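Undergrad: One structure, pasted below without further comment.
The values are calculated or read from the model by the stated rules, or taken from the named source; none is laboratory data. Since this is a predicted model, take the numbers as computed values, not measurements. Glycine gets a Cβ as well: all are built from the backbone with ideal geometry, and neighbour counts include every protein chain shown.
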Amino acid sequence: MKAAKSSNGQLKIVDIPMHELTKQSVLVKTDYSALSTGTELMVLGFANVEVFLGYSGTGVVEAVGEEVTHVQVGQRVACYGVPTHAEYFLANKNHVTPVPEHVDAQEAAFAGIATIGVQALRQADLRFGETIVVLGLGILGQLLAQMARAAAYRVIAVDHMEERCQLLDSTGLLTACRNGEEVKERIQQLTGGKGADAVMICASSKSHKLIDQGLEWIRDKGKIVIVGDTNTEFDRNALFAKEAQITISRAGGPGRYDTEYEQEGRDYPYGYIRWTLARNLEEFVRLLADGRLNIKPLISNIYSLEDIGLGYQQAKDDPRKTMGMLVKF
């Protein structure tokens, strides 16, 4: 079978043997995989690294291990956390969740990327009716903003790229701010000037102190959650003045990078860790199934596996015109 691989900084489409099923794994024939261009372009920039690409996709189950009970052969599933830019992918049972038949496969393919957004919202630890600012409207920021709205938070979304703002507007769910002044006006309207409860930094920038921008917008004792690859310098006095919290969100939730969870299929007790990687993944699919999200307008490009390099190149050359990018199998 064919798969996309980063080999010493070069993209290669290679032939590899079919995966061998284990007791805890699920073999899936891929329908669509989603490009996470920020992460994948970073990986492609590493020399002396050999790694298969992708981590978000959807497909149909071909086979299940004897200890897998929540999905069946022939069932559609969404996946997060294993290489998905391949004709087939092999996932541990905690990496997949069933997808109802009425859910659009192209939207379900963004499950892995969206699960990262779900975990970021968990890190913000918001309550019903609180106000959140989403700074940066790439694909992750777009998904996070929609999910925050579905959770009944008051959402203020902002990006300096007009094209990305128009995409959010086109979903019919939210209206984006184009600059900091518009954000301040919206905060005044929603909070009476007290400030947002949390700012999610989804933008990737090494040159701008986005944390300082967030500190200006949050309320006293508010929270900054770093989601994107951004400059982590900030004004200590601004942090002190509001006794704010700054935290970073790692991947899709508890279980990620835990060998016993990911490779051996062990779960965490429901009463002790309510939201794991698998439960966050399942929750995104539930939001899709309930019609609470509108991802289709965000899909800007669909490629074949052989043409995936065009997607990476376009994302590098003109990020304003790229958003939700898929590989179709």
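Undergrad: Please work out which residue is nearest to residue 11 (Cα to Cα), limiting yourself to the stretch 276-329 and to residues that are part of a loop (DSSP other than H, G, I, E, B) and of a type in the set (Val, Ile, Thr).
TA: Step by step, filter the stretch 276-329, then rank; the result is 322.
Undergrad: Quick check on this structure: which one of 254, 319, 269 is at pLDDT below 95 and more than 26 Å from residue 88 (Cβ to Cβ)? Working first, answer last.
TA: Values: 254 fails: at pLDDT below 95; 269 fails: at pLDDT below 95.
Every option except 319 fails the conditions.
Undergrad: Based on what the data block shows, is residue 291 crowded, with 18+ Cβ neighbours inside 10 Å and more than 21 Å from residue 251 (Cβ to Cβ)?
TA: It is false that residue 291 is crowded, with 18+ Cβ neighbours inside 10 Å and more than 21 Å from residue 251 (Cβ to Cβ).
Undergrad: So, in the stretch 187-208, exactly how many residues are closer than 17 Å to residue 137 by Cα and not hydroxyl-bearing (Ser, Thr, Tyr)?
TA: Step one: filter the stretch 187-208 for residues closer than 17 Å to residue 137 by Cα, giving 198-206, 208.
Retained after the next criterion (residues that are not hydroxyl-bearing (Ser, Thr, Tyr)): 198-203, 206, 208.
Within the stretch 187-208, residues that are closer than 17 Å to residue 137 by Cα and not hydroxyl-bearing (Ser, Thr, Tyr) number 8.
Undergrad: Quick check on this structure: which one of 235, 197, 229 is surrounded by fewer than 23 Cβ atoms within 10 Å (Cβ to Cβ), under 18 Å from the mean Cα position of the chain (by Cα) and not assigned by TED's automatic domain parsing to the domain that holds residue 277?
TA: From the options 235, 197, 229, the qualifying one is 229.
Undergrad: Does residue 91 count as crowded, with 23+ Cβ neighbours inside 10 Å, among the small types (Gly, Ala, Ser), under 21 Å from residue 327 (Cβ atoms) and more than 17 Å from the chain's Cα centre (by Cα)? Before the answer, list the steps.
TA: Details: crowded, with 23+ Cβ neighbours inside 10 Å: yes; among the small types (Gly, Ala, Ser): yes; under 21 Å from residue 327 (Cβ atoms): yes; more than 17 Å from the chain's Cα centre (by Cα): yes.
Criteria met by residue 91.
Undergrad: Same structure again: I need a count of the residues in the stretch 140-177 that are over 21 Å from residue 294 (Cβ atoms) and touching a helix residue (DSSP H, G or I) at 6+ places or on another chain (Cβ under 8 Å).
TA: Of the residues in the stretch 140-177, the ones over 21 Å from residue 294 (Cβ atoms) are 160.
Of the ones still in play, those that are also touching a helix residue (DSSP H, G or I) at 6+ places or on another chain (Cβ under 8 Å) are none.
Matching residues across the stretch 140-177 total 0.
Undergrad: Right, something else. List the pairs whose first member sits in the stretch 220-243 and is touching a residue at least 12 places away in the same chain (Cβ under 8 Å), whose second member is of a type in the set (Asp, Glu) and surrounded by 19 or more Cβ atoms within 10 Å (Cβ to Cβ), and whose Cβ atoms are under 8 Å apart, counting only residues at least 6 apart or on separate chains?
TA: 222/197; 223/197
Undergrad: Let me ask something additional. Could you say which residue among 78, 105 is surrounded by 24 or more Cβ atoms within 10 Å (Cβ to Cβ) and of a type in the set (A, V, I, L, M, F, W, C)?
TA: Working: 105 fails: surrounded by 24 or more Cβ atoms within 10 Å (Cβ to Cβ).
Within the list 78, 105, the selection yields 78.
Undergrad: Would you confirm, using the coordinates I've provided, whether residue 230 is at pLDDT 95 or above and touching a Ser or Thr at 6+ places or on another chain (Cβ under 6 Å)? Working first, answer last.
TA: On the way: at pLDDT 95 or above: no; touching a Ser or Thr at 6+ places or on another chain (Cβ under 6 Å): yes.
No: the conditions fail for residue 230.
Undergrad: Further question: Could you list, in sequence order, the residues of the stretch 118-135 that are of a type in the set (S, T, N, Q) and more than 17 Å from the chain's Cα centre (by Cα)? So that I can check it myself, show each step before the final result.
TA: Here is the first cut: in the stretch 118-135, the ones of a type in the set (S, T, N, Q) are 119, 123, 131.
Answer for the stretch 118-135, where residues must be of a type in the set (S, T, N, Q) and more than 17 Å from the chain's Cα centre (by Cα): just 131.
Undergrad: Okay, moving on. Can you give me the number of residues within the stretch 37-73 that are under 21 Å from residue 329 (Cβ atoms), of a type in the set (D, E, K, R) and touching a residue at least 40 places away in the same chain (Cβ under 8 Å)?
TA: 1
Undergrad: Right, another one. Quickly run through the stretch 21-48 and pick out the residues that are over 28 Å from residue 117 (Cβ atoms), surrounded by fewer than 16 Cβ atoms within 10 Å (Cβ to Cβ) and modelled with pLDDT of 95 or more.
TA: Filtering the stretch 21-48 down to residues over 28 Å from residue 117 (Cβ atoms) leaves 21-23, 47-48.
Narrowing the set further to residues that are surrounded by fewer than 16 Cβ atoms within 10 Å (Cβ to Cβ) leaves 23, 47-48.
The one that is over 28 Å from residue 117 (Cβ atoms), surrounded by fewer than 16 Cβ atoms within 10 Å (Cβ to Cβ) and modelled with pLDDT of 95 or more: 23.
Undergrad: Taking into account only those residues within the stretch 49-67 that are surrounded by fewer than 20 Cβ atoms within 10 Å (Cβ to Cβ) and assigned to a loop (DSSP other than H, G, I, E, B), which is farthest from the chain's Cα centre (by Cα)?
TA: In this case the residue turns out to be 66.
Undergrad: Filtering the stretch 238-251 down to residues that are surrounded by fewer than 19 Cβ atoms within 10 Å (Cβ to Cβ) and either under 18 Å from the mean Cα position of the chain (by Cα) or more than 29 Å from residue 196 (Cα to Cα) (or both), which residue is modelled with the lowest pLDDT? So that I can check it myself, show each step before the final result.
TA: Residues of the stretch 238-251 surrounded by fewer than 19 Cβ atoms within 10 Å (Cβ to Cβ): 238-243, 245-248, 250-251.
Then drop every residue that is not either under 18 Å from the mean Cα position of the chain (by Cα) or more than 29 Å from residue 196 (Cα to Cα) (or both), which leaves 247-248, 250-251.
Numbers: 247: 96, 248: 95, 250: 91, 251: 94.
Among those that are surrounded by fewer than 19 Cβ atoms within 10 Å (Cβ to Cβ) and either under 18 Å from the mean Cα position of the chain (by Cα) or more than 29 Å from residue 196 (Cα to Cα) (or both), it is 250.
Undergrad: Considering the stretch 203-218 alone, what residues qualify as being within 13 Å of residue 160 (Cβ to Cβ) and either surrounded by 23 or more Cβ atoms within 10 Å (Cβ to Cβ) or in contact with a strand residue (DSSP E or B) (Cβ under 8 Å, 6 or more places away or on another chain) (or both)?
TA: 203, 210, 213
Undergrad: Here's a follow-up. From the list 156, 139, exactly one residue is over 13 Å from the mean Cα position of the chain (by Cα) and of a type in the set (A, V, I, L, M). Which is it?
TA: Numbers: 139 fails: over 13 Å from the mean Cα position of the chain (by Cα).
Exactly one of 156, 139 is over 13 Å from the mean Cα position of the chain (by Cα) and of a type in the set (A, V, I, L, M), namely 156.
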